[in-house]
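Since the structure comes first, as C-alpha cells, the remarks are kept for the end.
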Amino acid sequence: MQKNQQKIVLIGGPGTGKTTVLNALKEKGFFCFDEVSRAVTLKAREKGIEQLFLTEPLLFSKMLLEGREEQYSDALNSKENLVFFDRGIPDVYAYLNYFKTDYPSFFIEKSKEFKYDIVFHFSPWKEIHTTDNERYESFEESIAIDKFLIKAYSELGYRIITIPFGPANERTNYIINSLSCDL
C-alpha cells in the first residue's frame, strides 16, 4: 500500500473529454482506472436491459458505487504514487440528485469515507460533445448534470480545478503540470 499516494479524480458531465484525457495519461504511463458505468451498462445489456440507469436507477447506482469502491481499494493496494480515476464515488449521488431519485444515506457516507486528493473538472464543451450507445445525454443534459457534480464535490469540501478547453494533449499536459506543482 502506498502511503503518500495521490488519488486524482476527473469529473464533469458526459462528453466533456475526461476519457480522452485519461487515455492520454495512460499512454504516458500513468496508472488509471476507467469509468465503471460503461461496463455496468454493457453487463445489463447482455441481460436484456437496455438502459439500466433509466429502468432501475438505484440498482445501477449501487453497482456503480461497488465498482468505484473496488477501484479505490485496488488503488490503495497498488504501489503507484499517482492514481487517476475517470469519475469518483460522489458522482453516483450527484447523478441520483440530478434525476431526483431518493436514495439511502450510504451513498453520501461512502463519498465521505473514500476521499480523493485532487479533483480536475471538465466543463461541458459543445464542440466535443457526442453521444453513443452508453452516453445518451444531450449537451443540455450534460450542462445540468455538471452543476450537480460541482455541487456534490463542493459540499464535500473539495477544491475543484477546472481544465481549460483545448486539444487533448494540452489538457493532459495541464494536469501533469498542475501535479508537478502539487507534489
Self-check item: Options A144, A152; residue that is crowded, with 22+ Cβ neighbours inside 10 Å and of a type in the set (G, A, S)
Solution: A152
Self-check item: Exclusive hit being out of contact with any His (no Cβ under 7 Å at 6 or more places or on another chain) and within 19 Å of T162 (Cα to Cα), set A44, A24
Solution: A24
Exercise. Just give me the residues in the range 163-178 being outside any helix (DSSP H, G or I) and either touching a helix residue (DSSP H, G or I) at 6+ places or on another chain (Cβ under 7 Å) or surrounded by 13 or more Cβ atoms within 10 Å (Cβ to Cβ) (or both), in sequence order.
Key: I163, P164, F165, G166
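With the requirement that a residue be among the aliphatic types (A, V, I, L, M) and more than 14 Å from the chain's Cα centre (by Cα), what does the range 1-39 give you?
Matches in the range 1-39: M1, A24, L25.
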Quiz item: Here are some conditions: (1) touching a Pro at 6+ places or on another chain (Cβ under 9 Å); (2) without any contact (Cβ under 8 Å) to a residue 12 or more places away in the chain. L96 meets all but one. Which one does it not meet?
Solution: (2)
Self-check item: Residue list for the range 83-112, filter: among the acidic types (D, E) and out of contact with any Asp or Glu (no Cβ under 9 Å at 6 or more places or on another chain)
Solution: D91, D102, E109
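With respect to E127, determine if the residue is modelled with pLDDT under 90, under 22 Å from A39 (Cα atoms) and in a loop (DSSP other than H, G, I, E, B).
Considered against the rule, which asks whether it is modelled with pLDDT under 90, under 22 Å from A39 (Cα atoms) and in a loop (DSSP other than H, G, I, E, B), E127 comes out as no.
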Exercise. Return yes when E127 is more than 16 Å from the chain's Cα centre (by Cα), more than 20 Å from F148 (Cα to Cα) and surrounded by fewer than 21 Cβ atoms within 10 Å (Cβ to Cβ) and no when it is not.
Key: yes
Quiz prompt | Criterion: β-branched (V, I, T) and either without any contact (Cβ under 8 Å) to a residue 12 or more places away in the chain or touching a helix residue (DSSP H, G or I) at 6+ places or on another chain (Cβ under 7 Å) (or both) - qualifying residue of I150, I108 | solution = I108
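The values are calculated or read from the model by the stated rules, or taken from the named source; none is laboratory data. In this text the structure is predicted, and so the values were computed from the model without any measurement. Cβ coordinates were reconstructed from backbone atoms using ideal geometry, including for glycine residues, and neighbour counts include every protein chain displayed.
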